[in-house]
Amino acid sequence: MPQRTVHASAAGVWRLGDMVVNRMGFGAMRLTGSAAFHLGTPRGREQSLRVLRLAVELGVNHIDTAAFYFSRLRSANELINSALSPYPSGLVIGTKVGPARDACGDWSTPARPDQLRGQVEENLRQLGRDHLDLVNLRRMGQTSVSEHFGALAELRTAGLVRHLGVSNVLPEHLAEAEAIAPVVCVQNRYGPDDRRHEQLLHRCAERGIAFVPYYSLAGAGGEHGAVHTEPERILAVARAHEATPAQIRLAWLLQRGPHVLPIPGTGDPAHLTANVAAAALRLTPEELVQLDSVGS
């Protein structure tokens, strides 16, 4: 696909509670370095700030971040605050709580329910906000999310959080959370070559809940970054559209349903522009069938 400037609204919009966002969003994790947070060297600080500002200029108004997105040199929340504060009207910043890291970046025991308020307040402090637009509870292997989600529901009632979501969950966890408070989004790993959460994607569509996929561009690489060799079926569709494989992955996601909100991350302005341009890419029914079979 010839590179041109495309506005994020080209993919349409979705309502997160009372907040309307363009479906093409941005994930801030990679601004701190590699996908594994503390590995690798992040890009220059000024370039990271430029990427965030460019994202907003291109119409991105849904940014995903977390206080535990930091490396030895960078904090995603601090970069967002520095680049975008005072925040433009309509910008939705979603954060995650649940995982815990110490000051050296090492993972520690996940937060207990009574510790989630401290994590929410840390996000508030770093972002310079008096409330958070959206907080996702990241499940860390527990069989039930009720106690943790209940603690977040109390913070929502107290006015520290406007809307709640869940991450890394199964259908039964979504049901648990919905029995406690409204859920506006589910964040799970999903892509053409990782369809394990297909049932949950359809459940979200039925419930009017946003499905926010992550590691969609990384493929088999997951948290360690993008795959080095793309499946031939993705490459063939990319050649047909003169597009990048990443653009094809994003276009496929966007055509999985109007409730799907991709959050691709990058620290490169050119990659950001290309990712947003995928909002205008439309795949044929035959190409969708071809891509649907990638993971089979």
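With respect to (1) in a helix (DSSP H, G or I); (2) touching a residue at least 40 places away in the same chain (Cβ under 8 Å); (3) under 20 Å from the mean Cα position of the chain (by Cα), the lone exception for residue 149 is condition (2). Among the residues making up segment 130-139, those that are touching a residue at least 40 places away in the same chain (Cβ under 8 Å) and within 17 Å of residue 159 (Cβ to Cβ) are 133, 134, 135. Filtering segment 257-296 to residues that are within 22 Å of residue 231 (Cα to Cα), in a loop (DSSP other than H, G, I, E, B) and touching a Phe, Trp or Tyr at 6+ places or on another chain (Cβ under 8 Å) leaves 263, 264, 265, 283. As a summary of the residue check, residue 143 satisfies the conditions (1) in a loop (DSSP other than H, G, I, E, B); (2) in contact (Cβ under 8 Å) with a residue 12 or more places away in the chain except for the one numbered (2). Reported count of residues in segment 152-172, each being assigned to a helix (DSSP H, G or I) and more than 30 Å from residue 288 (Cα to Cα), is 7.
The single condition among (1) crowded, with 16+ Cβ neighbours inside 10 Å; (2) modelled with pLDDT of 95 or more; (3) not charged (D, E, K, R) that residue 100 does not satisfy is (2).
Filtering segment 188-209 for residues that are of a type in the set (Val, Ile, Thr) and assigned to a helix (DSSP H, G or I) leaves an empty set. In segment 3-28, the residues that are assigned to a loop (DSSP other than H, G, I, E, B) reach residues that are among the aromatic types (Phe, Trp, Tyr) with C-beta atoms within less than 7 angstrom, at least six apart or across chains, in these pairs: 23/14; 28/69.
The values are calculated or read from the model by the stated rules, or taken from the named source; none is laboratory data. Not measured: the values here are computed from a predicted model. Note that each Cβ is placed from the backbone with ideal geometry, even for glycine, and that neighbours are counted across all protein chains shown.
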